[in-house]
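Chemist: One structure, as structure tokens, below. Some questions next.
The values are calculated or read from the model by the stated rules, or taken from the named source; none is laboratory data. Computed from a predicted model, the values in this text were never measured in an experiment. With ideal geometry, Cβ positions are generated from the backbone for all residues, glycine too; neighbour counts draw on all protein chains shown. Surface accessibility is based on the protein's heavy atoms, side chains included, excluding ligands, DNA and RNA. Shrake-Rupley method; radii C 1.70, N 1.55, O 1.52, S 1.80 Å.
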Amino acid sequence: MYRVQESPVNGLGLFATQDILTDVRLSDFKGTEMTFREFKEKYGKDTRYCYIMKRINRIIDGKGVDNPSHYCNESATPNVCLKKKGLYTCSPVKAGDELFLSYPRNYPRDYTLRQT
């Protein structure tokens with residue numbers, strides 16, 4: 001359904017190998033589920049490679065785990081999203097298209113989202 005390959009946007013990217021409809025679960029988000037307090041004690045504030053579940057005050061630590069979402073570059077118009085502890089399409093995707101996420105907003109004020 002997808003593959004990792006070199007991206008014209010940045011480094012490696014995740015690309016569709018076939019047409020995919022909206023709201024299709026592409027993969028689970030793998031890692032260790034823990035509380036924010038446990039996570040902060042272990043890693044501080046570095047939430048990169050994590051899946052945050054604010055409503056239930058939990059986080060899935062995906063550091064060191066090969067999740068497909070880690071290969072998604074960022075876009076202001078994402079075609080995939082993280083929900084229900086997985087990576088889903090949020091719009092139809094054509095074979096060959098790169099899969100883009102909208103990253104969480106934990107950036108310094110001067111950070112500018114690159115348009116794709």
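Chemist: Zone of THR22 (label point 7 Å along Cα→Cβ, backbone N under 15 Å): which residues in the range 76-101?
Modeler: 78-81, 88-94, by backbone N distance to the label point.
Chemist: Give a quick list of chymotrypsin sites (Phe, Trp or Tyr not before Pro) in the range 1-98 that DSSP marks as loop, anything other than H, G, I, E or B, with at most 14 other Cβ atoms within 10 Å.
Modeler: Of the chymotrypsin sites (Phe, Trp or Tyr not before Pro), not one in the loops of the range 1-98 has a Cβ with at most 14 other Cβ atoms within 10 Å.
Chemist: Computing the accessible area with a 1.4 Å probe over protein heavy atoms, can you report the carbon and sulfur percentage for the range 1-56? Please report the intermediate quantities before stating the final value.
Modeler: Working: 1990 of 4140 Å².
Ligands and nucleic acids excluded, carbon and sulfur reach 48 percent.
Chemist: Heavy-atom accessible area of CYS81 with all protein chains present, probe 1.4 Å, nearest 10 Å²?
Modeler: Estimated to the nearest 10 Å², CYS81 gives 40 Å².
Chemist: Residues with amide H under 5 Å of VAL24's amide H, sequence separation 5 or more or different chain, H placed in the peptide plane at 1.01 Å from N; which?
Modeler: Hits under the 5 Å cutoff: THR89.
Chemist: Per residue, how much accessible area does the chain show when a 1.4 Å probe rolls over the protein heavy atoms, in square angstrom?
Modeler: Computed with neighbouring chains in place, this is 65 Å² per residue.
Chemist: Could you sort LYS30, LYS83 by accessible area so the largest value comes first, with the probe set to 1.4 Å?
Modeler: So, going from the largest accessible area down, we get LYS30, LYS83.
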